[in-house]
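A short worksheet on the structure shown next.
The numbers here are math on the coordinates, done by the rules we state, and not lab data. Source: prediction; values computed, not measured. Neighbour counts are summed over all protein chains in view; Cβ atoms, including those assigned to glycine, are modelled from backbone coordinates with ideal geometry.
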Amino acid sequence: MGFFAWVVLVAYFALMMIVGYWARKRVVNASDFFTAGGEMPWWLSGISHHMSGYSSAVFVGYAALAYTSGITVYFWWAASISLALLFGMPIFPGRWVRMRQQFHVISPLEYLKVRYDLPTQQLLGWSGAILKVFDVGAKWSASAILLHAFAGVPLLWGVILTGSVTAFYSVMGGLWADALTDLSQFVIQFIAGVSMLVATLIKLGGVSSVWQIWHLLPPDHHKPFHGDYTVIFAATYFFVNALSYNGGSWSLAQRFLASATPTAARRSALLSALLFLFWPLVLFFPMWAAPVIFPHLQDPSESYAALTKTLLPSGLIGLVLAGLFAHTMAMTSSDANAVSAVIIRDIMPVLRKGRPFADKQQLLFGRVATFSFLLISMVLALFSSHFGGVIGMVILWYGALLGPIAVPILLGLLRPFRRSGPSAAIGSCIAGALAFASLKLSAMQPWLSSHAHIANAVTVGAPLFVSLLAYIVIGVFYPSRNKDSAAFLEAINPPSERQSGDLRTALNPSSHGAS
């Protein structure tokens, strides 16, 4: 990195801090901090949903997969997310909005206390928060790897630099700052991504290289599914994505909670789906072409960094690097805001023996929780190699354990699963976690090692499907008959718009202060 690259990168970090500082003016109470007061425009929510859906791990781990395996990464990752959002668009976004409108929830797990019970809410809250620390730690690690590849910055200082800037604007402006910086970051990474695409096309001889390049790559690189990433793996990840991107990931649920109306939430989901369908084609083409430009690269995870340093002038190198950081900072700030909402609204009142925070206290401690979460995840990033590296943490650990947590959260919103109560929710979560543990620690590990083509699918899919099966079966044999839960489902599921005043009080005793 030359002088101009550093100027651009420093200017980018400064812009993020300025936007975060400006956004603080829109944060008056906890509802503003965690759900933007339910006033976020659909287009901003959609862009923020998209930007919060992936990090710079794409330009490290997935770049390595694009270098070694070709286009399959687009089909099982980006296209899968797009289809998952289109599938869930008429089902989930509107329910999240109606929940906020009728019961004034500002945490993605706040409703679980009534839909199931308090122990279920606490189990999912604690387990999800701990899992998110690992997930965000992997993303800091990916950003630090990029900065090291570009400028030789040590891992420690790479994590501190990106983490401290993210912490500043997240703590200052809450979800408004997250969304507005997401918009700024989207514009930056759009310019950076198009610049990289144009530079790659020029290097390869023009636009015709888009279809001619495949003759120069290994035969498997143009196959949608091959090697370890089979149709079974893609189908498995589709179900994981359907749970995650429709609200099973708390930060993405917040984008729907922040929408003004159910229609606006569905539009934001559609916009995010279209971005996932088309934009990764621009991002991935240089990665797919990398083996032609660098046929003997020793570390495929540094392929995107090598392309940038080779093809772009100094100033654009800084812009591309800023675009890469944009994704990690968007995702980590969103996760921090969502986890802090769960801590302040769901976990801390229980530790305080049922005494909820006053609204000013919620805002103060929400900022403290956001900072603390980011700090812990930054420390964990320094030890990411002990958990299988970036790919191991993002694809296997998070992907495998997300399902057991997301199943009772998302399916609990739907009337067809109204018989599945607390026993089903807790049972499904424990069953999925045990399935993952048995795969990683049991005698099946040698078998998985010898069947690499299905190992990833089994590791990611087994916990999800075991959790789903347990949720349904326990609901059938041990059905729940809770009047408050039934009334809640009637209130958030169209076409019924009925609500119970007693139910609203049971769900959120301090809702008048948070709204």
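Listing 215, 296 from the residue with the fewest other Cβ atoms within 10 Å to the one with the most, what is the order?
Taking fewest neighbouring Cβ atoms as first place, the list is 296, 215.
Within the straight-line cut-off of under 18 Å between alpha carbons, the aspartates and glutamates reachable from residue 139 are 178, 182, 302, 335, sequence neighbours fewer than 8 places apart in one chain being disregarded. Net length available on complete extension from residue 469 to residue 430 is 12.8 nm, with 0.36 nm assigned per residue and the Cα-Cα distance removed.
For residue 274 and residue 382, the difference between the fully extended length at 0.36 nm per residue and the C-alpha to C-alpha distance is 35.4 nm.
Output the Kirkwood hydrodynamic radius of segment 3-382, Cα pairs only, in Å rounded to one decimal. Intermediate results must be reported in sequence, preceding the final value.
Numbers: mean 1/r = 0.0476 Å⁻¹.
Every distinct Cα pair counted, the radius reaches 21.0 Å.
Provide the FRET efficiency to the nearest 0.05 for the residue 83-residue 210 pair, computing r from the beta carbons and using R0 = 22 Å. The value I calculate is 0.40.
The angle between the Cα long axis of helix 231-243 and the longest principal axis of the Cα atoms of the chain comes to about 50 degrees, rounded to the nearest 10.
Here the label points at residue 220 and residue 14, each 7 Å from Cα along the C-beta direction, are separated by 4.8 nm in the simple model. Counting 0.36 nm for each residue step from residue 438 to residue 490 and taking away their Cα separation leaves a gain of 14.9 nm. Under the criterion of Cα pairs below 8 Å and six or more residues apart, the relative contact order for the chain equals 31 percent.
What FRET efficiency, computed as 1/(1 + (r/R0)^6) with R0 = 45 Å and r the Cβ-Cβ distance, is obtained for residue 7 and residue 228, rounded to the nearest 0.05? Mind showing how you got there, number by number?
Values: r = 41 Å, r/R0 = 0.92.
Plugging the Cβ-Cβ distance into 1/(1 + (r/R0)^6) gives 0.60.
Taken as Cα centroids, segment 147-223 and segment 278-325 sit 8 Å apart, rounded to the nearest whole angstrom.
Computing FRET efficiency as 1/(1 + (r/R0)^6) for residue 282 and residue 355, where r is the C-beta to C-beta distance and R0 is 51 Å, gives about 0.50.
Note on residue 132: lysines with a C-alpha under 30 Å away, same-chain residues under 8 apart excluded, are 25, 113, 353, 360, 440.
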